[in-house]
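Input: a single structure, listed below in structure tokens.
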């Protein structure tokens, strides 16, 4: 199973809690005021990582970029590819439901300080 991650780095703040080896592709969205990326991460194979640096500081700017990439890759990839939106921002929930209604397996995952869990509270295994 191929899984693509769309990471709201501005909202989650670090990658060290993620098992990056789960993902075939990672799109990392970095806010305009963020100048460093926590790279203390473990992975088992080379990563396909795209960093999208947001240039302007404005409300929801990063969210709009993430939504654009979700739509772009939804159109460009096979429907069997699973999307995971990694963000603590509840504003992504309706967009995730929209993609699910159109037969894209998509989940929003929030990052807690102690562990990673799905939005409904179930642990990620």
ask   = Calculated from DSSP H runs of 4 or more alone, at -39500 (n - 2.57) each and per residue, what is the 222 nm mean residue ellipticity of the chain, nearest 500?
value = -6500 deg cm²/dmol
inquiry  = Quick check on packing: order 97-107, 16-26 by the mean number of other C-beta atoms within 10 Å, highest mean leading.
reply    = 16-26, 97-107
request  = Could you list 68, 4, 43 in order of exposure, starting from the residue whose Cβ has the fewest other Cβ atoms within 10 Å?
outcome  = 68, 43, 4
ask   = Taking the chain as a Gaussian network, Cα atoms linked when under 10 Å apart, which of 59, 91, 13 shows the biggest mean-square fluctuation?
value = 59
Relative contact order computed over the stretch 33-114 (Cα-Cα under 8 Å; 6+ residues apart), in percent = 24
note = Scaled by the rule-of-thumb 2.2 N^0.38 Å, the alpha carbon Rg for the chain gives a ratio of 0.99
query = What ranking of 7, 82, 96, 51 emerges when the number of other C-beta atoms within 10 Å of each C-beta is taken as an exposure proxy, fewest first?
reply = 51, 82, 96, 7
query = If you rank 56, 90 by fewest surrounding Cβ atoms within 10 Å, what's the result?
reply = 56, 90
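Laboratory data are not the source of any read-out in this text; all were calculated from the coordinates shown. Computed from a predicted structure; not experimentally measured. Note that each Cβ is placed from the backbone with ideal geometry, even for glycine, and that neighbours are counted across all protein chains shown.
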